[in-house]
1. Excluding Asp53 itself, calculate the net charge of residues whose Cβ lies under 15 Å from the Cβ of Asp53, where each Lys or Arg counts +1 and each Asp or Glu counts -1.
2. For a distance above 16 Å, tell me the whole-number percent of Cα pairs in region 63-133 that qualify.
3. Region 75-108: which GluC sites (Glu not before Pro) are DSSP loop and have at most 13 other beta-carbon atoms within 10 angstrom?
Amino acid sequence: MRIEHLLALAAALATAVPGCGASSRSSESSASAQSRTLSETRALVIIAETLSDHAIPRGSMWQITLPGGEALDVDVRLAQSQFGIEWMSPQDRSDLGEAVPGPTEDGRLRIVPGRGEEQVLVLEHSSYDFVNEREHVQAGRAGARETEERLRRDVVDFIHYVQGQGGL
């Protein structure tokens, strides 16, 4: 008798429990992956590490005048050259608006000239977004590590550009 009760209970549970496959909960969570961007602090650490890996010293604090007359405090100066890197944070974007062009449509790096011979690589925070949820990363979205590596590659590409211009 006892086995009959267990079989009946198992049959009842089998009909009450949904079948295999994606649950509505996992479908809802995949649609709600929270996208983040690198913080300015983390981005500047990665930039400094990349410059150090290529034996490029950071120069002194630097401000340039943009073609429209606005001043830009550049985050990183490459040695004492006329080349620098600016991490465009949400606050910077709010303060500078259209004085500094936004990211390119095709994902190419944006180099902004100063009034003199200065050239500054502008790295827009919104171009470095990622998700932390493993299921979303496994589904093909960029995770933090991949985003940090892309930032490193962008800085290395700029270093190669600067070296090609005779800037270092």
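1. -2
2. Across region 63-133, Cα pairs with separations above 16 Å total 47 percent.
3. Glu105
Readers should treat all values here as calculations from the given coordinates under stated rules, not as data from a laboratory. Just so we're clear, the structure is a prediction, and the values are computed from it rather than from any experiment. Cβ coordinates were reconstructed from backbone atoms using ideal geometry, including for glycine residues, and neighbour counts include every protein chain displayed.
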